[in-house]
1. Rounded, prolate or oblate: pick one for the stretch 364-403, where a ≥ b ≥ c are the square roots of the eigenvalues of its C-alpha gyration tensor, a/c under 1.5 means rounded, and failing that, prolate if a/b is larger than b/c, else oblate.
2. Taking 45 Å as R0, compute the FRET efficiency from the Cβ-Cβ separation of Glu681 and Lys742 and round it to 0.05.
3. Set the Förster radius R0 to 30 Å, insert the Cβ-Cβ distance between Ala539 and Arg691 as r into 1/(1 + (r/R0)^6), and round the FRET efficiency to 0.05.
4. For a protection proxy built on the mean count of beta-carbon atoms within 10 angstrom, sort 448-459, 526-537 highest first, please.
5. Give the shape of the stretch 550-692 as rounded, prolate or oblate, defined through the alpha-carbon gyration tensor: a ≥ b ≥ c are the square roots of its eigenvalues, a/c under 1.5 means rounded, and otherwise the shape is prolate if a/b is larger than b/c and oblate if not.
6. Counting only other residues whose beta carbon sits under 10 Å from that of Val393, what net charge do I get with K and R as +1, D and E as -1?
7. Which of Leu586, Tyr622, Val649 sits closest to the plus end of the dipole of the stretch 581-660, meaning its Cα is farthest towards the positive end, when Lys and Arg get +1 and Asp and Glu get -1 on the C-beta?
8. Suppose each label sits 7 Å from its Cα in the direction of the beta carbon; what would the Leu521-Lys303 distance come out to in nanometres?
Amino acid sequence: MYVTPTVLSVLCTAACFWAVSAAPHNVTATLVFKISNNTQSKSPSSSPGGNGTVQPPVYVSEDLEEPVPKDRRLRLSEEKPTDKKAKVEKKKVKIVKTVKVLKKVKEEKTSPGAGGTAEEQCPPLGLESLRVSDHQLRASSIKRYGLGSHRGRLNIQSGIYDDDFYDGGWCAGEKNKNEWLEVDARRLTRFTGVITQGKNSIWTDDWVTSYKVQVSNDTHKWKTCKNGTEDVIFKANKDPETPVLNKLPTPMVGRYIRINPQTWFENGTICLRAEILGCPLPDPNTVFMWEQEPQPTDKLEFKHHNYKEMRKLMKKVNEDCPNITRVYSIGKSYLGLKMYVMEISDNPGQHELGEPEFRYVAGMHGNEVVGRELMLNLMEYLCQEYKKENPRVMRLITETRIHLLPSMNPDGYEMAYKLGSELSGWSIGRWNYQGLDLNHNFADLNTPLWEAEDNEQVPEHFPNHYIPIPEYYTLENATVAPETRAIIDWMQKIPFVLSANFHGGELVVSYPFDMTRTYWLAKELTPTQDDPMFRWLAAVYASSHRILADDNRRICHYDDFMRVGNIINGADWHTVPGSMNDFSYLHTNCFEVTVELSCDKFPHELELPTEWENNKESLLIYIEQVHRGIKGIVRDKDTNQGISEAVIVVDGINHDIRTAVDGDYWRLLNPGEYEVTAKAEGYHPSTKSCRVTYEDRPTICDFYISKTPKQRLKELRANGKKLPKELLLRLRQLRNRKLKSKSPK
């Protein structure tokens with residue numbers, strides 16, 4: 001998601017604007033981006049295959065048996081403290097209490113995001129994920145409505161301005177030690193820990209530095225957490241953003257829990273955001289013991305997968321379905337972790353003539369993890385359902401070549417994973433290891449296109465598609481992440497038709513353009529030439545998503561996307577120069593949208609089955625949209641061979657596409673009647689009417705085009721052949737017609 005702590009958002013936006021205005025956009029390089037990254041996989045050259053298939057440049061299948069190199073594991077692990085004092089203290093502990101310390105470390109080892117010891121591992125109640133409703137939150141007092149108890153949720157984000165209805169935390173109306181924030185768990189719960197943050201704001205500094213914890217069964221009698229006979233005062237935050245976990249010395253049982261601030265930042269006020277860790281206890285007297293969310297029947301692995309576990313799962317899926325799956329790597333991250341892709345097709349490793357290529361990309365921001373787990377679940381699901389001969393899945397795999405990239409930013413994910421689902425905060429792991437936001441790292445092709453349009457040069461003197469990458473972006477000292485280079489190389493090697501990339505921290509589907517046309521505006525409606533098609537694609541995912549389709553749901557932070565159907569033009573939300581969506585649309589044939597999957601960027605494992613149920617239908621129906629519109633093959637009329645790089649022009653839409661290596665193409669269009677023209681260098685153009693219906697299959701629009709006499713003459717002379725008589729007559733006619741047009745009347 002775009003929202004980092006708000007101050008970071010403002011700074012990042014300013015930096016992006018500076019970069020856009022400073023870059024020499026008027027200089028362009030060749031059409032194909034020459035990737036110089038030496039970590040890319042080498043590919044064989046194109047060659048024809050059997051059954052009408054061709055073999056374009058492909059990626060070599062990966063051997064997932066190979067171990068992760070030891071030095072990479074060390075680089076991703078926590079660095080050893082460099083402070084001499086810290087080293088001395090560590091050494092003392094090791095000498096005096098060697099056995100006891102080692103034993104304690106072993107006992108307290110828990111999975112990421114868990115609270116308590118291994119025996120008392122409790123999940124969050126769900127303040128951040130919204131499983132805890134606003135009605136379950138109360139406070140002793142509030143400063144104003146926008147800072148009410150309903151805003152006291154871990155990682156909740158405020159708007160740009162303070163003093164509105166959607167501020168960045170709960171703030172008490174008074175400054176004294178009697179204030180409290182209360183959570184109703186709705187049933188008896190064994191509370192094991194509390195996580196707090198300060199208020200999210202770019203204007204003020206407010207956080208609680210210490211607090212007490214109280215538990216009750218009826219809200220009248222409260223029991224304070226004690227350590228022996230004294231009340232425990234927990235140390236809280238030193239800044240507004242870093243989550244601080246305090247485990248209770250002894251778990252406490254009750255229905256209600258209160259956080260009672262004791263001290264706070266001296267120049268601020270009592271403000272906090274929180275999450276509570278607790279395990280529900282069986283209680284036959286309350287209906288809240290029953291699960292309220294539908295549980296999936298699919299037998300999938302619902303857990304967070306680090307790099308090693310992700311490889312293991314992908315290997316298992318590949319072994320379970322070797323005839324329809326293949327794993328390959330498109331490159332490496334900055335720290336050398338491979339960017340694995342699972343290909344699912346009835347002919348893995350081959351581009352089949354007339355079969356569209358589809359991709360899902362997740363994990364661009366490493367701490368937004370729902371998409372990563374959905375991709376792994378989708379691999380398992382497609383494999384299992386194909387073996388069960390599920391007709392829908394079999395048709396998808398037979399008619400579509402599907403590529404799933406679960407982790408575009410593996411380095412960032414590993415950083416977030418080590419801290420865990422509640423302690424990674426709002427931004428740790430968002431960027432790659434170099435500190436680059438990958439969604440601002442693609443070449444800005446919008447600016448040169450819009451400048452050419454303003455000068456009325458499109459499409460006669462400047463292309464409206466396959467826009468070349470600016471020269472400054474290809475320089476060795478260009479700030480381009482290896483992960484970005486790998487994605488661009490991937491885009492150029494495979495003729496993708498449709499894609500979606502997954503983010504987290506919001507619930508909405510956004511579509512291009514992501515960058516505002518007026519460069520100084522933070523938001524502005526900036527549609528593409530294919531705006532109706534993009535709106536349809538976004539609406540398909542949003543309307544079939546179980547939570548997005550619910551108009552009674554609570555908004556995540558401060559944007560109410562329900563009023564616009566849960567879809568939005570990216571630039572009308574916030575400007576993103578150098579986004580992957582815009583680059584994909586302008587540099588390739590591929591249409592791409594962004595799906596914000598959940599309010600919680602890094603939900604607890606407990607939430608993953610629900611997230612699968614929320615997205616399962618959307619994931620499938622969106623893939624099916626790749627067959628919407630027209631498709632066909634552009635062939636040479638004389639040789640019947642497919643023509644590569646032929647341009648497909650749709651009348652009324654100033655955005656063309658091009659044919660793939662073997663002459664096949666796919667053009668996404670909504671139902672209607674279209675005048676379509678196929679043209680290629682050295683050929684006469686051909687135009688025909690193509691009607692797109694409401695059926696779930698594309699309309700076939702093939703073209704047979706003839707070489708121009710000039711092209712035929714050029715080829716014959718190049719081959720040293722004698723010119724045919726009919727060609728000589730045709731050339732003579734053309735010459736006479738040209739002379740006649742120039743002669744005075």
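The values are calculated or read from the model by the stated rules, or taken from the named source; none is laboratory data. Keep in mind it's a predicted model, so treat the numbers as computed, not measured. Neighbour counts run over all protein chains shown; Cβ positions are idealised from the backbone, glycine included. Quick note on the areas: whole protein, heavy atoms, side chains included, nothing else; ligands and nucleic acids left out. Shrake-Rupley method; radii C 1.70, N 1.55, O 1.52, S 1.80 Å.
1. prolate
2. On the way: r = 25 Å, r/R0 = 0.57.
The computed FRET efficiency comes out at 0.95.
3. So, using R0 = 30 Å, E works out to roughly 0.85.
4. Order by mean packing, descending: 526-537, 448-459.
5. Details: a/c = 2.62, a/b = 2.36, b/c = 1.11.
Prolate, since a/c reaches 1.5 and a/b exceeds b/c.
6. +2
7. Val649
8. Going by the 7 Å Cα→Cβ label model, 5.0 nm.
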